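Can you keep this structure in mind? I'll have questions shortly.
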Amino acid sequence: MSRFFAFFSKDLIPDVKLALTYLAHHGLRTFLTLLGMIFGVGAVIAMLAVSRGGEIEALKMIEGMGVRNLIVHDESPLDDSLADIRQHSAGLSVADAKAIADTMPFVDTWAGIRVVPVWDDLFSPQGNSSAEVWAVSPGFFQMSGLEPSLGRLFDIEDDARFAQYALLGDAAARRLFPRGDAIGQRVKINYLWVEVIGVLRDRQLTGESFQGEQVGGESDRVYIPLQTGLKRMSRNQMDSELSMLKIKIAPSQDLSAAAEAIDLILDRRHGGQDDFRMVVPAKLLAQQRQTQRIFAIVMCVVAGISLVVGGIGIMNIMLACVLERRSEIGLLRAVGARRTDVVRQFLIETTVIALLGAFLGIIAGVVIAYGVNLFSHWAVAFSLLSIVVAVIVCATIAVGFGVYPAMAASKLDPVAALQSE
Amino acid sequence: MAENGNSSLISVQNLCRTFQVGDMAVHALDHVTLDISQGDFVAVMGPSGSGKSTLMNILGCLDTPTSGSYRLMDQEVSDMEDGLLSNIRNRYIGFVFQSFHLLPRLTALENVLLPMRYRKQDEDVRIDRDRVREIMERLGIADRMQHHPNQLSGGQRQRVAIARALVTRPSLLLADEPTGNLDSKTSEGIMTLFDELNADNQTILIVTHEDEVARHAKRVVLMRDGKIEQQVLQQDRPSQWT
């Protein structure tokens, strides 16, 4: 290997310079040859950037849901069958949550969520908003990784005394209080006035949902204490108490086993009715990775084909070069170039083309990735590794395809080569 | 390679080179025997197809004989492998061609230095700049060092090519019709240059069919049909050869 490198590195500058003068002399031809490489490398770079962006986004989303959380959704049907179900099951409730927390030692905390039906827009003295209203347990914010940027969160005491407090998501705050200064002001939800005690920091998730699971959207939402929502807002008798239940599982416990146990309890408490659905965010991540991997493989194949096509283009042009420069090759042999020296000269030329192509390809890849980002709002992220990999792959392919023309050049009979013009 | 006072620089015995053209074997060289000693100046003449170029290619280690012996500086080179032959071409042989064979993208100086690229890595490849300048000055092209070949006249191009052949201090300078592409006045200048080089003990072999060129050599070898027909010293030459 070291001999291989010594073979290349020996007095490299004049050879690279010579290669560049030849490539510059055939500017258009070189550029057309380069295009194959540019698109190949560009595709690889863009693909890796989009794939990595997706991964980072996915992790952010999972963090939003909470990696150690299980989420139970109320799935009570909206049609006539609801009455039948209600004979056996009261729907998802705070009592369910308490039962789970009491019997399962691995439950860290839980938070109930009730989506409050809003008749009309929400009003404040400054503006109005069509934000969703969620009544949530005080633990909800910490479990979901939400923090106040202004004011404070509500606590257990606020919840217990049905305090008429509200926390605003970032976007909701901007709509309700366009002039700012929301803290201490009042907002009207249906017929109830609540006092704003805090505004939440925006997490800036680009997507609203992840693998079919709603994740973002908290920015355009108004939160009130769960008990306030249950006691002070009117509720249809047939409705379940909770729309959602978040359960945080202790780090030592296996998530799927916990999910199974909780499913069993709920199933019993709901009289075997199929009116709830359990989501394990960690499983969603695995699913997401699977999809991403398929995407990456498909893109790799496309990029690979493009690189091979580029390589064939390089080979084609190098063969033309060898034909064109037969007499020069003969002269080099006459002044003492060995076969390996000729191979080296042509391989250096191929490598220069490849590296030039890789360099322009990196630029193309970055442009493509940002283009994708601009039009589809997919997240992109570049890594140094992807760039290094692209350059190495590109150079390898080029050298691979350059070997045949270089060997052909070295095998020319010097006498015949000198005679050709 | 040790200098041996008695023996020749080049000793060729029963050299044959056969080309296969279809089913026919063409004997380009047919049992050629020739000695060239240090400081000699030989002109090889003969009609085209007489084998003079083939002889030059073999003497220059560009080609290998089908049979026979070729000793260069007391070393048998007829059966050497390509790498060693390349090394011999690089160190001991300087070529001058009819069509100059300069690389168009390189300057005159870079063309002259071209052979130095193929020195082995462990060797000191730094060339004595003064020597290069001295050669180029002697050939009258010192002020053309940074020019590209297409900016030079035919005579200047051939001088650059000769400088390239001399930069390695070759034991043998081989010239194949060196004046073939030049007008008579320029040719005369180039031939005078060969005379001067030979006066400094440079061994030269010229392949030509021009009588005026052969006139500069000390010895003339006449070839026909792959065989050496006649070998005479210049002073013994009949005034008119056909």
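Using Cα atoms only, what is the angle between the long axis of helix A:384-410 and the major principal axis of chain A, expressed in degrees (0 to 90) to the nearest 10?
That works out to roughly 20 degrees.
Next question. Taking 0.36 nm per intervening residue step and subtracting the Cα-Cα distance, what contour gain separates residue A:24 from residue A:290 on full extension?
So the chain would gain 91.2 nm between residue A:24 and residue A:290.
Spin-label point model (7 Å from Cα, Cβ direction): what's the residue A:190 to residue B:211 distance in nm?
12.6
Now, a different point. How far apart, in nm, are the 7 Å Cα→Cβ label points at residue A:13 and residue B:233?
Rounded to a tenth, the inter-label distance reads 5.3 nm.
Moving on. Along region A:237-254, what does the Karplus equation 6.51 cos²θ - 1.76 cosθ + 1.60 (θ = phi - 60°) give for ³J(HN,Hα), rounded to whole Hz, x for Gly and Pro?
Each residue's phi maps through the Karplus curve to give 4, 6, 5, 6, 5, 10, 8, 8, 9, 9, 10, 9, 9, 4, x, 7, 8, 5 Hz.
Averaged across B:163-172, how many Cβ atoms of other chains sit within 10 Å of each residue's Cβ atom?
Other-chain Cβ atoms within 10 Å of each residue's Cβ, averaged: 1.
Between region A:305-331 and region B:180-242, how many Å separate their Cα centres?
What the calculation gives is 42 Å, centre to centre.
Could you work out, for region B:8-236, what percent of all Cα-Cα pairs fall into each 5 Å distance bin, beginning at 0 Å and stopping at the bin that holds the largest distance?
1, 7, 14, 18, 19, 17, 12, 8, 3, 1, 0
Between residue A:93 and residues 5 or more places away or on another chain, which pairs have amide H atoms under 5 Å apart, with H built 1.01 Å from N, and which residues are they?
A:242
Moving on to the next point. What does the C-alpha gyration tensor say about the overall shape of region A:148-304? Classify as rounded when a/c is under 1.5, otherwise prolate if a/b is larger than b/c, or oblate.
Oblate.
Give the long-range amide H neighbours of residue B:223: residues separated by 5 or more places, or on another chain, with amide H under 5 Å away, using H modelled in the peptide plane at 1.01 Å from N.
Under 5 Å from the amide H of residue B:223: B:45, B:46, B:229.
Of A:374, A:193, A:276, whose Cα points farthest to the positive end of the dipole of chain A (charges on the beta-carbon: +1 Lys, Arg; -1 Asp, Glu; origin at the Cα centre)?
Of the candidates, A:374 comes out farthest on the positive side.
Only sites in a loop by DSSP and with at most 11 other Cβ atoms within 10 Å count here; which chymotrypsin sites (Phe, Trp or Tyr not before Pro) in region A:26-120 make the cut?
A:119
Using Cα atoms only, what is the angle between the long axis of helix A:27-65 and the major principal axis of chain A, expressed in degrees (0 to 90) to the nearest 10?
So the helix axis and the longest Cα principal axis differ by about 20 degrees.
For region A:139-153, in order, what is each residue's ³J(HN,Hα) by Karplus, 6.51 cos²θ - 1.76 cosθ + 1.60 with θ = phi - 60°, in whole Hz (x at glycine and Pro)?
x, 4, 5, 5, 5, 9, x, 9, 10, x, 8, 9, x, 9, 8
Follow-up. May I ask you to derive the FRET efficiency for residue A:316 and residue A:257 from their Cβ-Cβ distance with R0 = 56 Å, giving the value to the nearest 0.05?
0.40
Among residues other than residue B:111 whose Cβ falls under 13 Å from its Cβ, what is the net charge (Lys/Arg +1, Asp/Glu -1)?
+4
While we're here: Lys pairs in chain A, Cα-Cα under 20 Å, at least 8 apart or on separate chains: how many?
Taking chain A as the scope, the lysine pair count is 9.
Same structure again: Each residue of region B:219-232 in turn: what ³J(HN,Hα) in whole Hz from Karplus with 6.51, -1.76, 1.60 and θ = phi - 60°, glycine and Pro shown as x?
Once rounded to whole Hz, the list reads 9, 10, 10, 9, 10, 8, 6, x, 10, 7, 8, 8, 9, 9.
Could you check the simple spin-label distance between residue B:225 and residue A:32, using points 7 Å along Cα→Cβ, in nm with one decimal?
Going by the 7 Å Cα→Cβ label model, 5.3 nm.
Across the residues of B:93-106, average count of Cβ atoms on other protein chains within 10 Å?
Mean number of neighbouring Cβ atoms from other chains: 4.
Also, quick follow-up: Which of rounded, prolate, oblate describes chain A, given a ≥ b ≥ c as roots of the alpha-carbon gyration tensor eigenvalues and a/c under 1.5 marking rounded, otherwise prolate only if a/b is larger than b/c?
Verdict is prolate for chain A.
Now, a different point. Express the relative contact order of region A:76-274 as a whole percentage, based on alpha carbon pairs under 8 Å and six or more residues apart in sequence.
Relative CO of region A:76-274 lands at 33 percent.
Taking only pairs that are 8 or more places apart or on different chains, how many Lys pairs in region B:8-236 have Cα atoms under 24 angstrom apart?
Taking the Cα cut-off of 24 Å, the pair count is 4.
Take peptide A:12-21, look around each residue's Cβ out to 10 angstrom, count Cβ atoms belonging to other protein chains, and average those counts.
2
For chain B, which longest stretch is free of loop sites, where a loop site is one of the GluC sites (Glu not before Pro) that DSSP puts outside H, G, I, E and B and that has at most 15 other Cβ atoms within 10 Å?
Between exposed loop sites, the widest span is B:124-242.
Which far-off residues, 5 or more places away or on another chain, put their amide H under 5 Å from the one on residue A:199, with H placed in the peptide plane?
Result for residue A:199 returns A:149, A:150, A:151, A:152, A:168.
Laboratory data are not the source of any read-out in this text; all were calculated from the coordinates shown. Small disclaimer: the values here were computed from a predicted structure and weren't measured. Every residue, glycine among them, receives a Cβ derived from its backbone with ideal geometry; neighbour counts consider all protein chains shown.
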